[in-house]
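Encoded as structure tokens, the structure appears first; notes follow it.
Nothing in this text is a laboratory measurement; each read-out follows from the coordinates by a stated rule. Here the structure is a predicted model, which means the values were calculated and not measured. Ideal geometry is used to build each Cβ from the backbone, glycine not excepted, and the neighbour counts take in all protein chains shown.
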Amino acid sequence: MGFFIEVLFGGFLAGVLYALVALGFVLIFKASGVFNFAQGAMVLFAALSLVRLMEWMPIPIALLVSVGIMIVFALVVERLVLRPLVNQEGIILFMATIGVSYFVDGFGQTIWGSEIYTLDLGLPKEPVIILESVFEGGVLVNKFDLVAAVIAGILVTVLAVFFQKTRIGRALRAVADDHQAAQSVGIPLRDIWVIVWSTSGIVALVAGIVWGSALGVQFSISLVALKALPVLILGGFTSVPGAIIGGLIIGAGEKLAEVFIGPSFGGGIENWFAYMLALLFLLVRPQGLFGERIIERV
Amino acid sequence: MRTKLLRAAALGAIGAAAMLAAGAGEALAQNEQFLPRLVYRTGPYAPNGVPFANGYADYLNMLNERDGGINGVRLVQEECETGYATDRGVECYDRLKGKGPTGAGVVDPLSTGITFALTEKAPGDKIPLITMGYGRSESQDGSVFGWNFPLLGTYWAAADIIMNYVAQKEGGYGKLKGKKVSLVYHDSPYGKEPIPLLEELAKRHGFAFSALPVTHPGVEQKATWLQIRQNRPDYVLLWGWGVMNSTAIKEAAAVNYPRNKMIGVWWSGAEPDVTPGGDGSKGYMAAALHAIGDQFGVHRDIYKLVYDKNRGAGKREEVGQVLYNRGLVNGFLASEAIRKAQSRFGNKPMTGEQVRWGLENLDITAARIKESGFEGLVYPLKISCQDHMGSARARIQQWDGSKWSFVSDWIEADRKLIDPMVVAAAKKYAEEKKITPRDCSKES
Amino acid sequence: MLYREAGQFKTSYGDDQAIFPIRQDRIGVAIILLAAYLAIPLTASPYLFTSILIPFLIYALAAIGLNLLTGYCGQVSLGTGGFMAVGAYAAYNFAIRMPELNLLVVFLLAGGCAALVGVVFGIPSLRIKGFYLAVATLAAQFFMDWMFSRIKWFTNYTPSGSVNAPPLSLFGFAIDTPAERYYLILAIVTVMALAAKNLVRGRVGRSWMAIRDMDIAAEIIGIRPLRAKLSAFAVSSFYAGIAGALWAFLHLGSWEPLAFDINRSFTLLFMVIIGGLGSILGCFFGAAFILIVPLALNQIPTALGIPISTAMISHLEFMIFGALIVFFLIVEPHGLARLWALGKEKLRLWPFPH
């Protein structure tokens, strides 16, 4: 039982990390209908910028400069990619973001290098054992995962406040509901795009910090974007809480499956299991966890 | 707007085509040995691919500077980026195999997947493949795999050496009975290679063996290590590459699995594997094909002739790292094979077929190693028509938080165990491919 | 001037329904086929065969498969790599367990297996669509990757899980040299591309397009979504399966599940989008663009003797390739096939635009 809880817990914490990446997808999809495949590349680019800048300047300044870089990135994407492609079909925009992700992969490695960089922000690493009195051997949790969960929690809260309470947040929600209506009441669509892409860039930076501290900053962290996809179908492309809850379910589901069912199949099932889980869920509830308006169903 | 863009695109395309056409005309001078270099300096495995490529390049450049190449034949190398992807690797091979006056002398695929693909092509092109410490284990059998040279060791040898060390630590093979050994492996042919041998050993010595796959690129290992925490194996063998290694060590630290019970293969024992883990990597062990450090004769020459002239392929402070030295050794063996071939065919650029003769008759003695500045770095080896591996020895090294140090002497793999398995696997391959094995007793 | 259809009258229904109703197109196609069958094999170097032409044709075939599904039936799929893997491993198992089978039969059976699997993984399309479906088809991709690396029967119990194609022969002739392999692939691709072209002009193709354009309206006029969608998945996977078998047997020769990983699926989707959704010709353009541009970018610096590092070349390749994708999408979001059509329109009037 203790082990089960441990796996469940580990799964939740892995899920938090998936949710962080999924969040970036959701923000952009919600506001501009773009399925932003470059999110993974943005995570890598942001983390690389931060870790290399830290060699030159103190951490807080490096963080600020990295945020600045992500905002500049958003401006450039809006000007060079989104604006010329306005009103195109979703799949064309999706393809364009793939082009962007190629570019960012190459660009990031050109200016920042392609080695492995250790990102040490002083996050704790040592494992702790809790509930030793309840279960034999106790339950092992990693302080680092807990910190990551806290960071994710703070980020989500900040985003929620930003969306609900600020003027820009209201404008964002208006755009998400109806582009044309929003435009006709005087909300500048282009500024909104820059803002969501910047926000999503900052979310990428946070995800990059968390993943980078865990794995070291290097090319592979751009591949974690794939882990966020089942979260998206489970939670819905447009739902922020969906991304969080979906992340937790996928994280826990795949770890439990791998540990308890995997060995009888030779292991390595977690990759497809996450998708199967999301798929089964969709067959029952096609709009995803929190999807309100269901249009994309037959 | 649109027509302007279109015109620009058309101009660009014409320009690119013209450039390609112009470039195709160049030819290499006649007294040059061409060596294609399949490398990966980008992508998920770049942190490991870069030092290897640098070591190899520096060694060949040093030979050119010091001796004017090999017996007056300059070595010309051209790198081609594979990104560790099999299809790009095959494309690189096809692109470079015909270059130079004699074509590619020898190819290092530098990836197990590419090795498998090139194994099908090399016999047709008559180009030998050096797969030092990797590749397919049964290719040790030269009578079937005439063009593969897994010099210094295969994965079966590595698995046997590591288990031999484990047995030593436990006080003999007899003590392994009832122990639990887990293999955490990269879910690709590379990672699967050692499994048959480990299963065989488990059967013989009565230890429980389990294999836990990790999917490419290996950043998701939580479930794997939770299982290890649950089963508490006595030893964990690590068969990873790239980010998978450092992640495995970090996850081991996260579940409190003792690092000094973890032993990696020689591809899981370099600096990029342990440094990200910080103090958590202390005590981790790995097999080592060769020594580490820049204190050897060959490094002095490289510093003097390559880095002092600012022509190094990498950073000066990275000379002597594990994978850098592996590149050096690889370059050394390739150049020795060419040298050997020249001793028979004359001091001119060698064809792939001639280099293969050089490889099959390669005999790198201790004296030759000393002369070349590799003393203490590698173990002598002797290749024959039947045995394409030569020597199968490694030491075990341990990370103390800042450097690797050896904790064992050279351990030799048990050829009596491996060779029959090699012959059986090679025979199966020959049947599938309808190859008639060569009769090595008839070749001199 | 050259491309003018004035004076070509269609005097029968047959003329009106021809695949290439315009004489210039017929001549053009004939020239391309002649070049592909005669001129190229006479002049091409082995590198051109093995690294450009063979993968190009196979990619084009797989892209046709995906385009039938995505471009004609409107179902976005990211599982093509998985279906190719099914084809490759099915072909391997048929070839090795029934060595007396004709190679073409092996390929057909491989395609059939892929089609069956495609239908199974197409079932979710009845409930979901758009990006949700795209992500859902990734399940197929990851499941196939896993299945072929874990279930040892499929790989005939080879220790490393990597398998080799057996020696190939067709009607007693060994297929060995790059040129021979090229001919075999070219013949298969020609036949299948023509079949696809005809398929999409017929009843089945029209039902797919109806589903794509508006599923509810299609249902009302009597097209059954179940049959239309699943048949699209089946045909698409059949093409992908054959492409996979060709890729494994005639291009790689030795492969592992990683040869059909998710990148393959993405690459094929790029080809279809860049080439043009809903265009058979576009598949060839897309395959050429996605395959050849990176290779060319990679070789230009060396060919020109520009001394930049291998890593830099590779990074530049990524950057320029990415920029080119965005550039072409901005110039013509409907793909290279649409650009081609626009060019033809211009040619009809050229050089007298009035």
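The spacing between segment C:52-80 and segment A:7-78, judged by their C-alpha centroids, is 32 Å. Projecting the Cα atoms of A:Tyr117, A:Val185, A:Thr166 onto the charge dipole of segment A:2-284 (Cβ charges, centred on the Cα centre) puts A:Val185 farthest toward the positive pole. Kirkwood radius and radius of gyration were both taken over the C-alpha atoms of chain A, and their ratio Rg/Rh is 0.98.
The helix-based estimate of mean residue ellipticity at 222 nm for chain C, built from -39,500 (n - 2.57) per DSSP H run of four or more residues and divided by its residue count, is -21500 deg cm²/dmol to the nearest 500. Ranked by the mean number of other Cβ atoms within 10 Å of their residues, highest first, the peptides B:210-216, C:11-17, B:38-44, B:196-202 come out as B:38-44, B:210-216, B:196-202, C:11-17.
Counting Lys +1, Arg +1, Asp -1, Glu -1, what net charge surrounds B:Cys80 among other residues with beta carbon under 14 Å of its beta carbon? Don't skip to the end; give the middle numbers.
Details: positive: B:Arg37, B:Arg41, B:Arg88, B:Arg95, B:Lys97, B:Lys99; negative: B:Glu78, B:Glu79, B:Glu81, B:Asp87, B:Glu91, B:Asp94, B:Asp108, C:Glu317.
The answer is -2.
Peptide C:69-78 shows a mean partner chain C-beta count of 1 within 10 Å per residue C-beta.
Its alpha carbons give segment C:21-349 an Rg and a Dmax of 20.0, 64 Å.
Per-residue 3J(HN,Hα) values for segment B:209-218, derived from phi via the Karplus relation 6.51 cos²θ - 1.76 cosθ + 1.60 with θ = phi - 60°, read 10, 9, 10, 10, x, 10, 7, 3, x, x Hz in sequence order (x marks Gly and Pro).
Averaging sequence separations of C-alpha pairs under 8 Å and six or more residues apart, then dividing by the length of chain C, give the relative contact order as a whole percent. Answer for chain C is 30 percent. Quick one, what does Rg over Rh come out to for segment B:106-165 if you take C-alpha atoms and the Kirkwood Rh? In segment B:106-165, Rg relative to Rh is 1.00. Peptide A:247-256 is shielded by partner chain Cβ atoms: per residue, an average of 1 of them sit within 10 Å of its Cβ. Taking 31 Å as the limit for the C-alpha separation, the pairs A:Lys227/B:Lys250; B:Lys175/B:Lys427; A:Lys227/B:Lys99; B:Lys179/C:Lys152 exceed it in the case of B:Lys175/B:Lys427; A:Lys227/B:Lys99.
Once you charge only the Cβ atoms, +1 for Lys and Arg and -1 for Asp and Glu, what is the size of the charge dipole of segment A:156-298 about its Cα centre, to the nearest 20 debye? Provide the component values of the computation, followed by the final result.
Details: 10 positive and 8 negative charges, 71 e Å.
Dipole about the Cα centre, nearest 20: 340 debye.
Counting only cysteine Cβ atoms and a cutoff under 4.7 Å, the protein assembly as shown contains unmatched residues C:Cys73, C:Cys113, C:Cys283. With the charge dipole of segment A:2-284 set up from +1 on Lys and Arg Cβ and -1 on Asp and Glu Cβ about the Cα centre, the Cα lying farthest toward the positive end among the listed residues A:Ala176, A:Val139, A:Ala152 is that of A:Ala176. Given +1 at the Cβ of Lys and Arg, -1 at the Cβ of Asp and Glu and no other charges, the dipole of segment C:21-349 around its Cα centre is 920 debye to the nearest 20.
Considering the dipole of segment A:2-284 built from charges on the beta carbon (Lys and Arg +1, Asp and Glu -1) around the Cα centre, which of A:Gly247, A:Val196, A:Trp56 is farthest to its positive end? My answer, from the dipole projection, is A:Val196. Residue by residue, segment B:364-381 carries 3J(HN,Hα) couplings of 9, 8, 4, 5, 5, 5, 5, 4, 8, x, 10, 4, x, 8, 10, 9, x, 8 Hz when phi is fed to the Karplus relation 6.51 cos²θ - 1.76 cosθ + 1.60 (θ = phi - 60°); x denotes Gly or Pro. Which FRET efficiency value, to the nearest 0.05, is calculated for A:Leu121 and B:Asp308 with the Förster distance at 35 angstrom and r the Cβ-Cβ distance? That gives a FRET efficiency of 0.35.
I want to check the label-to-label distance for A:Leu146 and C:Leu349. Put each point 7 Å from Cα in the C-beta direction and report it in nm to one decimal. The answer from the label model is 7.3 nm. The three principal axes of the Cα atoms in the protein assembly as shown give end-to-end lengths of 85, 77, 58 Å, sorted in falling order. Scattering from segment A:219-282 was approximated by placing one identical point on each alpha carbon and applying the Debye formula without solvent; log10 I(q)/I(0) at 0.18, 0.20, 0.23, 0.29 1/Å stands at -0.63, -0.75, -0.92, -1.17.
For the peptides B:267-273, B:400-406, the ranking by mean Cβ contacts within 10 Å, running from highest to lowest, is B:267-273, B:400-406.
At a 10 angstrom cut-off on C-beta neighbours, averaged per residue, how do the peptides B:172-184, C:170-182, C:50-62 rank from highest to lowest?
Result, highest mean Cβ count within 10 Å first: C:50-62, B:172-184, C:170-182.
Whole-Hz Karplus values for segment A:4-12 come out as 4, 5, 4, 5, 4, 5, x, x, 4 Hz, taken residue by residue from phi with 6.51 cos²θ - 1.76 cosθ + 1.60 and θ = phi - 60°; glycine and proline positions read x.
Taking every C-alpha pair closer than 8 Å and separated by at least 6 residues, the mean separation divided by the residue count of chain B gives a relative contact order of 20 percent.
I'd like the FRET efficiency for A:Val76 and A:Val158, computed as 1/(1 + (r/R0)^6) with the beta carbon distance as r and R0 of 30 Å, rounded to 0.05. Show your work: numbers first, answer last.
Working: r = 25 Å, r/R0 = 0.82.
According to the calculation, E is roughly 0.75.
Amide H contacts of B:Leu212: B:Leu183, B:Val184, B:Tyr185, each under 5 Å away and 5 or more positions distant or on a separate chain (H built 1.01 Å from N in the peptide plane; Pro and chain starts excluded).
In a simple Cβ point-charge model (Lys, Arg +1; Asp, Glu -1; nothing else charged), segment C:1-138 has a dipole of about 220 debye relative to its Cα centre. Spatially, segment B:57-127 and segment C:231-269 are offset by 28 Å when compared through their Cα centroids.
What is the order of B:Cys80, C:Cys73, fewest Cβ neighbours within 10 Å to most? Working shown, then result.
On the way: B:Cys80 22, C:Cys73 29.
Ascending number of Cβ neighbours within 10 Å: B:Cys80, C:Cys73.
Under 13 Å from the Cβ of A:His179, count the other residues' Cβ atoms, weight Lys and Arg +1, Asp and Glu -1, and hand me the total. Walk me through the numbers on the way to the answer.
On the way: positive: A:Lys30, A:Arg173, A:Arg190; negative: A:Asp177, A:Asp178.
Taking every Cβ under 13 Å from that of A:His179, the sum is +1.
What is the mean number of Cβ atoms from other protein chains located within 10 Å of the Cβ atom of each residue in peptide B:83-90, rounded to a whole number? Please list the in-between numbers first.
Details: counts 4, 1, 4, 8, 11, 5, 0, 7.
Partner Cβ neighbours, averaged per residue: 5.
The Cβ shell under 13 Å around A:Leu159 holds other residues with a net charge of +3, Lys and Arg each +1, Asp and Glu each -1.
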